[in-house]
1. Just one of S496, S480 is surrounded by fewer than 18 Cβ atoms within 10 Å (Cβ to Cβ) and at pLDDT 95 or above; which is it?
2. For region 346-362, which positions are within 59 Å of the chain's Cα centre (by Cα) and free of Cβ contacts under 8 Å to residues at least 40 places away in the same chain?
3. Search region 472-489 for residues being within 9 Å of the ligand (Cβ to nearest atom) and in contact with a strand residue (DSSP E or B) (Cβ under 7 Å, 6 or more places away or on another chain), and hand back the single one that is farthest from E424 (Cα to Cα).
4. Tally up the residues in region 113-171 that are free of Cβ contacts under 8 Å to residues at least 12 places away in the same chain, small (G, A, S) and closer than 28 Å to Q199 by Cα, please.
5. Within the set of pairs 6+ apart or on separate chains, which have a first residue in region 432-458 that is on the phi > 0 side of the Ramachandran plot, a second that is of a type outside the set (K, R), and C-beta atoms under 7 Å apart?
6. Name the residue that is farthest from S89 (Cα to Cα), counting only residues in region 103-118 that are in a strand (DSSP E or B) and of a type in the set (A, V, I, L, M).
7. Can you tell me which residue in region 207-251 is nearest to E173 (Cα to Cα), limited to those that are part of a strand (DSSP E or B) and polar (S, T, N, Q)?
8. So, G375, is that one exposed (fewer than 13 other Cβ atoms within 10 Å of the Cβ) and more than 55 Å from the chain's Cα centre (by Cα) or not?
Amino acid sequence: MRVFQDNSEIFNLLSEGVSEGIIVVNKKQEIVAANSSAEEMFGYEPDELYGKSLNVLIPQKYRHGHDEHYKGFMQKREKRQMGKSLDLSALRKDGTEFPVEVGLNPFELAGETYSMALVIDITERKLREKELSHWAKIFNESLSEIYIFDAKTYAFINVNKEALRNTGYSFEEFKGFSPKNIICNYSDDDFHELLKPLQSGEQVKIKSESLLQRKNGTKYPIEIHLQLSMVGDREAYVAMVMDITDRKNYTKRLEKQVEERTEELRKALAKEKELGELKTRFLSLVSHEFKTPLSGIMTSITLLSKYTETSQQEKREKHVNTIKGKVRYLNNILNDFLSVERLETGKVTYKVEKFPLSKLVNEVIYNANMLLKTGQKINYPENIDGINVWFDEKIMELVLSNLLHNAIKYSPEETVISIIVKQEKYKLSIQIVDQGIGIPLKEQKHIFNRYYRAENALLTQGTGIGLNIAKQHLENLKGSLEFISEENKGSTFTMSIPVETQVK
Ligand code: ADP
């Protein structure tokens, strides 16, 4: 102790200028010197520490451990730091504790062994470390992917755990990367453009959507929030990235649903419109198409009433037939309209049954006879007497009478209309062959469209419905309707039904 008092000036000179606390203890761990920084740090008056045991500076709970530590240290007698790796606490005079880092330096002076402790109050540093570790934890454990990259080179500086997990890259791999390595279709120039407002200070945050590619090649949609920040003394961008696969899927599902509903609505509207059009058309057709036959009927009735003589029976019959024919014609138009409505609303039900073909053909021809023009003749099909058909009888009648009426309508006087029945292996076909006006080649592809009427047919009455519904009904029953035609020469319409429906 004396030695120190003797040399106190030198000690003071050496130790007062430093901000670290310096405490010298002898072998018995009594304090023989302390600089003012140490006194202040521990809350003692000047010189108050002299002669006190080192223990006064060590919290009770560490004292025992400290003794062991100190002994071991003295035995090894080497310069060392205490507290670098340990969490050392020191005790102030007022009983409060504070964290310290202690460096120990044993030396000999005048035959005595001393030990000099360099004490640094690390309260501030500990606080900073705690704060930092708090932020580091948030950074690392965030469920958003966080990427930090250099503002100049765009090289990644740091990425968090979630980024590693979702991309499948290791931290080492990331070190050689810049965002263009993981963001699809993004060059450095694109990035430069995107980051401009941050660089210029125009904006403090940027939000963008993109596609990120994992190491295994799979891609996922992301939302990026970008900010300019400082890492140490260099500028860096911090990108918070959220995997928005679920959101995208949800949006996609929603979009698809909206699309489907819109489509359903569009169809329903189109159907509604079609039915509306049909009604309008029906009304205008009623006024046009019904007028001529009705006035024909009217004329015939007027004439009928004039033929009172018994000898005029032939004339009466002619007019009665005309009336019958025109009423049937009107009935057909009405049936066509009803058919369209039923087909449109899906209300058609078919009744397939067995019936003799000849009976139906005879009826159709008989009814058509009344519409024949002067000199027109219908050739009956040959050898059909034994044929029984399994089909919807009403539909076959509707189709055949439509075809036959057309053949009559679109053929001039003095022509022949032939009905030919052919039995093939898989089908039974009935052909109606006429020598009429034919269908212009360029219009043939439209002829089965509803309401379509060829240019050369417009002077003849018609609705453009018959062929359309005939074809639809036949196809619904696995049959078909086709034609060949040449303008001014004639047409051949062929209806076929599958042979399974036909039993001899
Ligand atoms: P509509 O005869 O009432 O006009 P259809 O649907 O039966 O309606 O026929 C559609 C169109 O096909 C007719 O307007 C006509 O142009 C043409 N067509 C149908 N059958 C014949 C035929 N046998 N000869 C010439 N053209 C025909």
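The values are calculated or read from the model by the stated rules, or taken from the named source; none is laboratory data. What you see is a predicted model; the values in this text were computed from it and never measured. Cβ atoms come from the backbone with ideal geometry, glycine included; neighbour counts cover every protein chain shown. Quick note on the areas: whole protein, heavy atoms, side chains included, nothing else; ligands and nucleic acids left out. Shrake-Rupley method; radii C 1.70, N 1.55, O 1.52, S 1.80 Å.
1. Numbers: S496 fails: surrounded by fewer than 18 Cβ atoms within 10 Å (Cβ to Cβ).
Going through S496, S480 in turn, the sole match is S480.
2. In the first step, residues of region 346-362 are kept if they are within 59 Å of the chain's Cα centre (by Cα); the result is 346-357, 360-361.
Across region 346-362, the qualifying residues are G346, K347, T349, F355, P356.
3. Let us first name the residues in region 472-489 that are within 9 Å of the ligand (Cβ to nearest atom), namely 483, 485, 487.
Now restrict to residues that are in contact with a strand residue (DSSP E or B) (Cβ under 7 Å, 6 or more places away or on another chain): 483, 485.
Working: F483: 18, S485: 22 Å.
Ranking the candidates gives S485 first.
4. 1
5. G438/S485; G438/E486; G438/E487; G438/N488; G438/G490; G438/S491; Y451/G464; Y451/I465
6. Among residues in region 103-118 that are in a strand (DSSP E or B) and of a type in the set (A, V, I, L, M), the one farthest from S89 (Cα to Cα) is L109.
7. Taking region 207-251 as the starting set, the residues that turn out to be part of a strand (DSSP E or B) are 207-213, 219-231, 234-243.
Now drop any that are not polar (S, T, N, Q), which leaves 208, 210, 213, 227, 229.
Numbers: S208: 25, S210: 21, Q213: 14, Q227: 23, S229: 23 Å.
Here the residue is Q213.
8. Yes: the conditions hold for G375.
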